[in-house]
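Undergrad: Please read through the structure below; I'll follow up with questions.
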Amino acid sequence: MTAQPLDDRALRERMLPELPPPMAAHIDRVVALADELARRHHLDVAATRLAAQGHDLLRAVPPADLLARAESRGLAIDPVERAAPVMLHGPLAALELAERFGLEDHAILEAIRWHTPGHPDYTREAWAMFVADKVEPAKVDRTPALAPIRELADRSIEGAALAYLDLRAREAIELGWQIHPQATLARNALLRAGHTAR
Ligand SMILES: [Fe+2]
Ligand SMILES: [Fe+2]
C-alpha cells in the first residue's frame with residue numbers, strides 16, 4: 001500500500017487535538033472561504049484548502065514560547081518579528097507541518113510560512129488562502145472596513161490582497177506601528193504586476 005498524499009481533511013483530524021476550539025473554528029471558516037475563492041478563480045482547490053487548513057497550527061502558542069522556539073531552531077528573526085513574536089507562528093508552523101505531519105509541498109509550505117505579511121513570490125493559491133484568512137466572515141463582522149475587501153476578492157484575489165496590505169499600511173502609519181518588510185515587498189510586487197486595490 002502506498003502512502004496517500006496528505007489532504008486538508010486528514011490534516012484537520014490530526015490538528016484538532018492541538019487547537020483551542022475558537023482557533024479550529026477560525027480555520028474551518030478560512031478553509032471554506034479559501035475553497036469558495038479557489039473555485040471562483042479556477043485555482044488548485046486542494047492546494048488552497050491544504051494551505052488554509054495548516055496556516056494557524058501554532059497561532060494559539062504564547063508569543064514568548066514562539067520566540068523561544070524560533071531562537072532554539074536558529075530561525076532568521078526579523079526585528080519586527082522580535083518586537084511582535086506572534087508573527088513567528090507562520091514560519092514555525094511551516095517547519096512543524098513538514099516535520100510532524102509530512103506536509104511536503106514547497107509552495108503550500110511557503111504560503112503558510114508567510115501568511116501574516118504575504119510574500120512577493122506568492123502563487124495565486126497562496127494569495128487566495130491569504131485573503132480568505134484576512135476576510136473570513138467573523139473578521140468582517142468584527143471589522144466592517146474589511147467588507148469591501150471581501151467583495152473585491154470575488155473579482156480579483158490579488159486586488160483584494162493589495163487592498164488588505166494597503167489597509168494595514170495606512171493603519172500602521174496612523175498608529176505609529178512598524179510594517180513587516182515582507183509585507184512591503186509583497187505589496188510592491190502586486191503593484192508591479194499591475195494589480196489595483198479597486
Ligand atoms: Fe495566522
Ligand atoms: Fe488565520
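Computed from the coordinates by the stated procedures, all read-outs in this text should not be read as laboratory data. Model, not experiment: these values are computed from the prediction. Note that each Cβ is placed from the backbone with ideal geometry, even for glycine, and that neighbours are counted across all protein chains shown.
Undergrad: Give me the residue from region 160-198 that is under 15 Å from Pro120 (Cα atoms) and among the basic types (Lys, Arg) and, out of that set, surrounded by the fewest Cβ atoms within 10 Å (Cβ to Cβ).
TA: Only one residue fits best here, namely Arg192.
Undergrad: For region 48-74, name all the residues that are surrounded by 16 or more Cβ atoms within 10 Å (Cβ to Cβ), hydrophobic (A, V, I, L, M, F, W, C) and more than 15 Å from ligand 2 (Cβ to nearest atom). Lay out the reasoning, then the answer.
TA: Start the filter on region 48-74 by keeping residues that are surrounded by 16 or more Cβ atoms within 10 Å (Cβ to Cβ), which leaves 48-59, 61, 66-67, 69-70.
Then drop every residue that is not hydrophobic (A, V, I, L, M, F, W, C), which leaves 50-52, 57-58, 61, 66-67, 70.
Within region 48-74, Leu67, Ala70 qualify.
Undergrad: Starting from region 56-67, take each residue that is touching a residue at least 40 places away in the same chain (Cβ under 8 Å) and farther than 10 Å from Met87 by Cα and list its partners that are within 11 Å of ligand 2 (Cβ to nearest atom) and polar (S, T, N, Q), counting only C-beta distances under 7 angstrom and pairs at least six apart or across chains.
TA: Hits for this filter: zero, empty list.
Undergrad: Search region 101-133 for residues being more than 20 Å from His41 (Cβ to Cβ) and within 11 Å of the chain's Cα centre (by Cα), and hand back the single one that is nearest to ligand 1 (Cβ to nearest atom).
TA: To start, the set of residues in region 101-133 that are more than 20 Å from His41 (Cβ to Cβ) comprises 101-104, 106, 109, 113, 116-117.
Now narrow it down to the ones that are within 11 Å of the chain's Cα centre (by Cα): 109, 113, 116-117.
Values: Leu109: 14, Arg113: 11, Thr116: 6, Pro117: 11 Å.
The residue in question is Thr116.
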